[in-house]
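The values are calculated or read from the model by the stated rules, or taken from the named source; none is laboratory data. Nothing here was measured: the structure is a model prediction, and the numbers come from that model. Cβ coordinates were reconstructed from backbone atoms using ideal geometry, including for glycine residues, and neighbour counts include every protein chain displayed. Calculation scope for accessible area: heavy atoms of the full protein, side chains included, ligands and nucleic acids excluded. Shrake-Rupley method; radii C 1.70, N 1.55, O 1.52, S 1.80 Å.
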Amino acid sequence: MGQVNLTDEHVDPQLERGVLATLSRAEDPARLYDDLDPSEKLFGEHVQAFKDLKGAIEAGEDVPAVPDDWTPAQDPTGAIRELKALQKRRRAAEVQEILSDGIGGQRPIEDACDTANHALAEMQSDFREGTAGTLRYAEDLVPEVLSDAKEARERVQAGGDPLPGIRSGIDAFDEILGGFQEGLTIVGGGPGIGKTTYALQTGRYAAEHEAPVLYVTFENSPEGLTRKGLCSIEGLNPRDVRRGQVPTETVRAAAEQWQRETRRLAFVEGTADLTTNRIRTKAKRHAARFGADRCLIVLDYLQLFAKRSEQFERYTDQRERVQKAGNEIRAVGMSLRSPVLAIASQSRKGGNYGGDDAQENETGSARLDSLKESGDLEYSADAVAFLTPPISNPDRASRTVEPNRAVDLTVAKNRHGETGRVELVFRQDEGTMMPEAKHEETGMGAPRGDGAPF
């Protein structure tokens, strides 16, 4: 297979000259420029001419003249539309070249496929974001909104889930959040509050009932998470299992159930060379394996990803690293139309550990600015929730029998709707977290095992 010649096959110099001549000779070039909203990526041959024209318009200067033999486009809007189509074909041809190199032996086929997958994901993201920054009139958006409403109504009438997002298995939390929706949801908390338990429990539930789940772990090994997960099924203590204090038959029964429920759950152990692009590729491949149109990505946890990944090593400030990591992983979710659940640490005061007085203020433990080393990430995240001590009802802490812990799951920000708080009980020795009422119904109040948190 020969190389694809992008210039010859997917560039129309005459069309480009027509657009540039139209802009250059317009009575009000700035206004026409705003209406057409062209971009540099649309031009394959006359890029510099467009840059010169764009620079003059944005600087409020006279636009440069173009050659007299350049004929203005009769339909400038249609010409821009055709240039956009050509630009998409160029992007697709670039992917074709990558695969051609792999097939022809110029590069390893595995590398070619991974690179092509990444390029395709970026293309899809760019195509979806093609209207960003452009004027979109309210009346023109009505058909899209009506179509979404009709689709949601038909889903409910057919007996489907009314929530648009992926459920976590904690009903009250899902009702507040609408499920995990496209974009980035952050769940923060201090050490030992149950962040990994919550993330793993959510991943298990979603994999069984909702969608494929890719669990990226930078703190615990996949084997350790599997042990913790299967122990939660039978109420076993992972430490007892490691010490051989639990009958093999009991562990095997839990393992068989875990295997049935987590067929769509996959782990990726975080390494220095694990970038957001690689996470995107793995998530897309994982979803495709099960014929799913979305995948829940769990990142455990955000600060370690920012610290360890070579992708962010050029940033010397940890706050900037964390913010960049959050923005990049959100972009992965948006490009795949999938939700990302990122676990994050809280500052000492926000997480109410280390002797600070976070509980003096009722909302102190769940403030958006309590995310550790986050920069302004809380503002770009789509939803932010916190696992904290029971700040809404401190008496719950004294009523909860150890090794259980009373915790609050507080939604402090929700771009998709309301905020609120759910009261939970964290069973540290068995690796479960559930609403207080449900916890009491299961008869799990009496302590078992040695209570070691995972």
With the requirement that a residue be among the basic types (Lys, Arg) and either modelled with pLDDT of 95 or more or outside any helix (DSSP H, G or I) (or both), what does the range 239-251 give you? ARG243
Could you run through the range 293-310 and say how many residues are open to solvent by 10 Å² or more (accessible area, probe 1.4 Å) and closer than 26 Å to LEU120 by Cα? 3
Residue list for the range 51-95, restricted to those being more than 17 Å from ASP34 (Cα to Cα), in contact with a helix residue (DSSP H, G or I) (Cβ under 9 Å, 6 or more places away or on another chain) and of a type in the set (Gly, Ala, Ser): ALA65, ALA92, ALA93
Determine which single condition PHE127 fails, assuming it passes every other condition in (1) under 17 Å from the mean Cα position of the chain (by Cα); (2) aromatic (Phe, Trp, Tyr); (3) at pLDDT below 85. (1)
Residues of the range 53-93 being buried (at least 16 other Cβ atoms within 10 Å of the Cβ) and more than 30 Å from ALA116 (Cβ to Cβ), in sequence order, are LEU53, LYS54, ALA56, ILE57, VAL63, VAL66, TRP70, PRO72, ALA73, PRO76, ALA79
What do you reckon, is ALA255 free of Cβ contacts under 8 Å to residues at least 40 places away in the same chain and within 21 Å of the chain's Cα centre (by Cα)? no
So which residues in the range 344-386 are of a type in the set (S, T, N, Q), surrounded by fewer than 18 Cβ atoms within 10 Å (Cβ to Cβ) and at pLDDT 60 or above, if there are any at all? SER380
Identify all residues within the range 33-51 that are surrounded by fewer than 16 Cβ atoms within 10 Å (Cβ to Cβ) and either part of a helix (DSSP H, G or I) or touching a residue at least 60 places away in the same chain (Cβ under 8 Å) (or both); write none if there are none. ASP34, ASP35, ASP37, GLU40, LYS41, VAL47, GLN48, LYS51
GLU313 vs. criteria touching a Lys or Arg at 6+ places or on another chain (Cβ under 9 Å), open to solvent by 50 Å² or more (accessible area, probe 1.4 Å), farther than 17 Å from GLU208 by Cα and not hydrophobic (A, V, I, L, M, F, W, C): yes
